[in-house]
Amino acid sequence: MNRDPLVPLVASPFRHYINGGWETGATTGVSLNPSDLDEPVGEYVRADARQTDTAIEAASAAFREWSLGSAQRRADALDAIGSEMLARRDELGRLLAREVGQTLPEALAEATRAGQIFKFFAAEALRVSAESGVSARTGVEIDVTREPLGVVGIIAPWSAPLAIAAAKIGAALAHGNCVVFKPAESVPACAAALASIVSRAGLPAGVFNLVMGSGRQVGARIAAHPLVAAISFTGSAETGTRVLQVAAARQARVQLEMGGKNPFVVLADADLDGAVDAALSGAYSCAGQRSTAASRLIVERAVFEPFVDALQTMLAKLSVDHALKHATDIGPLANAAQLERNLDHVRIGQQEGAELLYGGRQLERAERTTRGYFFEPALFVGEPEHRIAREELFGPLAVVLNADDYDHALHLANDTAYGLCAGICTRSLSRARHFRRHVQCGLVTINLPTTAVEYHAPGGGRKASAYGATDAAFWTAVKTAYVASGWP
Ligand code: NAD
């Protein structure tokens, strides 16, 4: 294993990894550092449809050997990837902080989590999953087994680029599939660093392939290619719907993990300090650029004012600065589109009559610091019909809604097209249990931030947030065998 910190993890230009080798591309792009636009992370190569086809064909050719090989081999490879990621988490964390703008502690936590996820799937590769069924006939046995699918296309977003990639690649490989991985265009260095670690894990050529480039060229080609048996997608609901339409037209298997408009309910009986801390962390950590971030803070009338005052006071103490600086609480937004989108939402909120209580400006870092996409975290008080209370914000921007009582709070929590996660703060066991049962989403937290979810527990979502299974049912096909022994 390469643990020598003097050997760079990746070097610019970041290249594709196809059929066991590093390849240049049709065109190149530049990966920017959102904390410092004058210090780019490096150049990367972009594939066209033809090069994407080459990767898919390599994965298809590798499938037989990989899927029929031993589960121990798969477990060992995944374990090696996890070990190297954990050993090099500082390097990975710094790279992630530079490329996405997460603060160094946030980035280190993600690099660690990504390594742990690969270790988790190393163990999953050896899990005994076959079932024996009871036959209605004498002398017949029924065995239900799961078989790998073939080539899986993995299309990922720029947010949490290591952890999301780890969860998808780990699951695909553990279940015996081959992978064509297409990261978002703004995170090529993170993707190439991950690929460089995978390249040292002893996988046969073609089992894992990294292809970088645009969604319209590379992503769309993966979705449409007849050799891609399944597509695992994480990103926006708009792109997910497009991927689904293309893949469904050729009956490929699809799993979509998409956006959210996650509610965080604070009842009058909650520990108010704890609720404010959980709201702050759930709405603003990683600059709110997490699918599990809470962007609707639904607060019972009796504690509305003290909650809002305390949250505002906490926000004013946060330092928004370069992701690698020691004292930074909130790094920059990840890219120019994100900055524009957040500034747009501030304008929309104000035009619709929501009250901007705090922040919402682009921060100019004139003296001593760097040029970057710095945005002051924003807090609105709004109404449920406001667009900022209905659309995914994906930034350090939250809107507080007033609830008359618990029933009203639950109604507001469910009044959304999305259903990814939800949280509630209360001391009432019965309310917490009622909320857990009746809130319409895939992940619920009680007296915890909405972001406090763990990698080994099932994920998922409902409504516009998710489509398809996320467990072994997605990564494998069931085969039921009827076996007659031939003698009575
Ligand atoms: P996006 O939808 O813009 O892009 C996601 C991926 O799809 C990228 O790799 C992109 O290049 C690719 N793509 C774009 N057009 C395509 C096409 N026509 N065909 C195939 N692929 C195409 O999303 P993003 O801006 O990268 O990420 C932010 C979004 O991701 C947010 O909506 C966020 O909620 C969501 N997200 C969800 C989860 C979850 O677990 N549910 C986790 C993280 C992020």
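Here are some notes:
- Residues listed by number, segment 150-187, amide nitrogen under 20 Å from residue 129 label point at 7 Å toward C-beta: 150-155, 164-181
- Estimated from the Cβ-Cβ distance and a Förster radius of 30 angstrom, the FRET efficiency linking residue 216 and residue 385 is about 0.30.
- Among 457, 425, 482 - extreme Cα towards positive end, dipole of the chain, charges at beta-carbon: 482
- Candidate residues 64, 46: accessible-area rank, largest first, probe 1.4 Å: 64, 46
- With Cα atoms, 0 to 90° folded angle of helix 301-316 axis to the chain main axis: 80 degrees
- Shown in residue order for segment 108-115 are the 3J(HN,Hα) couplings computed by the Karplus curve 6.51 cos²θ - 1.76 cosθ + 1.60 at θ = phi - 60°: 5, 4, 5, 4, 5, 4, 4, x Hz (x for Gly and Pro).
- In a reduced charge model with +1 at each Lys and Arg Cβ and -1 at each Asp and Glu Cβ, the chain shows a dipole moment near 1320 debye about its Cα centre.
- Of all accessible heavy-atom area on the chain, the percent that carbon and sulfur account for (1.4 Å): 51 percent
- 15 Å beta-carbon shell around residue 474, net charge (K/R +1, D/E -1): -1
- Heavy atoms of residue 16 accessible to a 1.4 Å probe, total area in Å² rounded to 10: 0 Å²
- Taking chymotrypsin sites (Phe, Trp or Tyr not before Pro) across segment 406-482, the ones in a DSSP loop with at most 15 further Cβ atoms lying within 10 angstrom of their Cβ are 455.
- Rounded to the nearest 10 square angstrom, residue 106 shows an accessible area of 40 square angstrom against a 1.4 Å probe.
- What separates the Cα centres of segment 437-488 and segment 293-339 is a distance of 32 Å.
- Area accessible to solvent at residue 185, 1.4 Å probe radius, in Å²: 60 Å²
- Close amide H pairs (under 5 Å, H built 1.01 Å from N) link residue 357 with 379, 380, 381, residues at least 5 positions away or on another chain.
- For segment 94-102, putting each phi into the Karplus relation 6.51 cos²θ - 1.76 cosθ + 1.60 with θ = phi - 60° gives couplings of 5, 5, 5, 4, 5, 7, 10, x, 5 Hz, in residue order, rounded to whole numbers and with x for Gly and Pro.
- Value of relative contact order over segment 108-195, rounded to a whole percent, pairs C-alpha under 8 Å and six or more apart: 32 percent
- Exposure rank, largest accessible area first [53, 79, 273, 404; 1.4 Å]: 273, 404, 79, 53
- Normalised by the number of residues in segment 263-454, the average gap of Cα pairs under 8 Å and 6 or more apart makes the relative contact order 30 percent.
- The residues of the chain have, on average, 42 Å² of accessible surface per residue, using a 1.4 Å probe with all protein chains present.
- In percent, rounded to a whole number, the relative contact order of the chain is 18, using alpha-carbon pairs under 8 Å and six or more apart.
- Karplus-based coupling profile of segment 217-226, in residue order and whole Hz: 8, 6, x, 5, 5, 4, 4, 8, 6, x, with θ = phi - 60° in 6.51 cos²θ - 1.76 cosθ + 1.60 and x standing for Gly or Pro.
- Distance in nm between pseudo-label sites at residue 437 and residue 273 (7 Å out along the Cβ direction from Cα): 3.4 nm
- Between the C-alpha center of segment 182-208 and that of segment 395-415 there is a gap of 41 Å.
- Long-range HN-HN contacts of residue 208 with modeled amide H, under 5 Å: 179
- Residues whose amide H comes within less than 5 Å of that of residue 213, counting only those at least five positions distant or on another chain, are 47 (H built at 1.01 Å from N in the peptide plane).
- Summing Cβ point charges (Lys, Arg +1; Asp, Glu -1) relative to the Cα centre of segment 263-454 gives a dipole of roughly 540 debye.
- Net length gained if the chain between residue 136 and residue 351 were fully extended (0.36 nm per residue, minus Cα distance): 70.6 nm
- Angle between the chain longest axis and helix 272-284 axis [Cα atoms, degrees, rounded to 10]: 60 degrees
- Bins of 20 Å, starting at 0 and running to the largest distance - Cα pair percent for the chain: 24, 53, 22, 2, 0
The values are calculated or read from the model by the stated rules, or taken from the named source; none is laboratory data. This one's a predicted model, so the numbers in the text were calculated from it and none came from an experiment. In this analysis, Cβ positions are derived from the backbone assuming ideal geometry, glycine residues included, and neighbour counts consider all displayed protein chains. Each accessible area value is taken on the protein alone, full model and side chains, heavy atoms only, with ligands, DNA and RNA left out. Shrake-Rupley method; radii C 1.70, N 1.55, O 1.52, S 1.80 Å.
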